[in-house]
Amino acid sequence: MKKKYTIQTEPFVVPTTDGKLIEEHFGGATNKQQDMSIAHMVASPGWSEPFQTPEFTEYTYIIKGKKQFTIAGELVVLEQGQSIRIEKNTRVQYANPFDAPCEYISICTPAFSIDTVHREED
């Protein structure tokens, strides 16, 4: 009988060039799951991404540190223990302009995809 659960012990570590750690536990890169993705991330101090307008809703939960969001022109800062839901098709930029790393969990529905994130060029 097939088990009704899956334990992830080897998340896919997404190769990055910006110093951010991305460990996808479930999602397109790890197990080809398309309905949602969940990743553990650590953004180093000074890290930022270009603006993007993803075709997925993204939930972020801050484990340690602080993370800055620019959402449709509004600046929002989340701290340890706080979470946020950003609706799909919303223009957003993620950054850690602070002095300490930011550790967080990201959940995307449907799953994160480089083809549906729509990052702007710098």
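Here are some notes:
- Residues with amide H under 5 Å from that of residue 25, placed H, sequence gap 5 or more: 38, 39, 40
- Proximal charge balance of residue 65 [Cβ under 12 Å; K/R count +1, D/E count -1]: 0
- Greater than 29 Å apart at Cα, pairs in 2/32; 4/64; 67/88; 3/64; 32/88: 4/64; 3/64
- In sequence order, calculated HN-Hα J values of the stretch 78-83 (Karplus, 6.51, -1.76, 1.60; Hz; x Gly/Pro): 9, 10, 3, x, 9, 9
- Dmax and Rg, reported as Rg then Dmax, of the chain (C-alpha, Å): 14.4, 51
- Modelled spin labels at residue 89 and residue 10, positioned 7 Å past Cα toward Cβ, are 4.0 nm from each other.
- Length gained when the stretch residue 64-residue 35 is fully extended (0.36 nm per residue, less Cα-Cα span): 7.7 nm
- Here the accessible area of the stretch 18-70 is 57 percent carbon and sulfur, with a 1.4 angstrom probe and all protein chains present.
- Unit charges on C-beta of K, R, D, E only; dipole of the stretch 18-122, Debye: 240 debye
- Helical mean residue ellipticity (222 nm; -39500 (n - 2.57) per DSSP H run of 4+; nearest 500) of the chain: -1000 deg cm²/dmol
- Annotation: extensible slack from residue 119 through residue 2 equals 38.2 nm (criterion: 0.36 nm per residue apart, minus Cα-Cα distance).
- Charge sum, other residues only, whose C-beta stays under 15 Å from residue 78's C-beta, Lys/Arg counted +1 and Asp/Glu -1: 0
- Measuring between their Cα centroids, the stretch 83-115 and the stretch 10-24 lie 14 Å from each other.
- Potential lengthening of the chain between residue 72 and residue 55 amounts to 4.6 nm, from the contour at 0.36 nm per residue minus the alpha-carbon distance.
- Net charge contributed by nearby residues that have their C-beta within less than 13 Å of residue 10 (K/R +1, D/E -1): -2
- Table column - 3J(HN,Hα) (Hz), the stretch 34-48, Karplus curve with 6.51, -1.76, 1.60, x for Gly and Pro: 9, 7, 6, 9, 9, 9, 9, 9, 9, 9, 6, x, x, 6, 7
- Computed over protein heavy atoms with a 1.4 Å probe, the accessible surface of the chain works out to 61 Å² per residue.
The values are calculated or read from the model by the stated rules, or taken from the named source; none is laboratory data. Just so we're clear, the structure is a prediction, and the values are computed from it rather than from any experiment. Here Cβ is always computed from backbone atoms with ideal geometry, including for glycine, and neighbour counts include all displayed protein chains. Note: accessible area is taken over every heavy atom of the protein model, side chains too, but ligands, DNA and RNA are not part of it. Shrake-Rupley method; radii C 1.70, N 1.55, O 1.52, S 1.80 Å.
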